[in-house]
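> Got a structure for you, questions after.
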Amino acid sequence: MTLLKASGFDKLNHRIQGNTMSEKNKIGAKVKLVRENRKLSIEDVSERTNLPAEQIKSIEDGSLVPNLTPLIKIARVLGVRLGTFMDDDENLGPVVTKAQDKKEVTRFSDRGNAVNSDLDFYTLAQNKAGRHMDPFIIDIFPSSEEEIKLSTHEGEEFIYVLEGEVEIIYGKDKYELKQGDSIYYESIVAHHVHSHGNEKAKILAVVYTPA
């Protein structure tokens, strides 16, 4: 798997400082930078991912809160890890995240073309070079049944419920998990994770995507 060189991240950080992207999506500039470094057009990425070109453009310019599934597809086409879109400088040694450390939030949506976030991701392995797993603490906000859209992508996921209750649709099955419950599944099967009821939930999630 090809990773961005350090100079690329330096260039990216400089560009983001002057970027007026929405607070809802801070990773669009990184998606665009990686794509341009690969000398691929939006149309090239669209053709290889089977994603609409307008959706990719909206992710890059920050007008759309990205769904995790298209980001994984884009990362695969660009030859980088999903975490590349969330990292700054890479760390070759262990990455320690202290409880008191301020954690940067990355906002996603599981509702397709959404302009508001219902998933707040806090990465626990930011800047870890060459990692194959991405661990997150995720705040899941209530959403209506009409907004549920199943997604599928390569890899595996592990979820442990820290607070509240979540419902997971996995293929034709549904699983209700409470605090202390966990689930491990292959994400190639269509699935969706959402809070159960009208209360926010918090989970520990580990996402593995193959190289």
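> Can you find, within region 50-83, the residue that is surrounded by the most Cβ atoms within 10 Å (Cβ to Cβ) among those that are of a type in the set (Lys, Arg) and touching a residue at least 60 places away in the same chain (Cβ under 8 Å)?
The qualifying residue surrounded by the most Cβ atoms within 10 Å (Cβ to Cβ) is 81.
> Could you give me the residue pairs with C-beta distances under 8 Å whose first residue belongs to region 173-186 and is on the phi > 0 side of the Ramachandran plot, whose second residue is of a type in the set (Val, Ile, Thr) and assigned to a strand (DSSP E or B) wherever it lies, and which are 6+ apart or on separate chains?
Listed pairs, sorted by first residue: 180/161.
> I would also like to ask the following. May I ask you to list the residues in region 124-138 that are under 13 Å from residue 94 (Cβ atoms), in contact with a helix residue (DSSP H, G or I) (Cβ under 8 Å, 6 or more places away or on another chain) and either not small (Gly, Ala, Ser) or not assigned by TED's automatic domain parsing to the domain that holds residue 161 (or both)?
Residues satisfying the conditions are 126, 128, 131.
> Within region 161-193, can you find the residues that are buried (at least 16 other Cβ atoms within 10 Å of the Cβ), within 21 Å of residue 82 (Cα to Cα) and touching a Ser or Thr at 6+ places or on another chain (Cβ under 8 Å)?
187, 191, 192
> Okay, next question. With the condition being under 30 Å from residue 197 (Cα atoms) and at pLDDT 80 or above, I'd like the helices (runs of 4 or more DSSP H) fully within region 29-146 carrying at least 3 qualifying residues.
The helices (runs of 4 or more DSSP H) meeting that bar are 68-78.
The values are calculated or read from the model by the stated rules, or taken from the named source; none is laboratory data. As the structure is a prediction and not an experimental result, all values here were calculated from the model. Cβ sites come from the backbone with ideal geometry, for glycine too, and all protein chains shown count toward neighbours.
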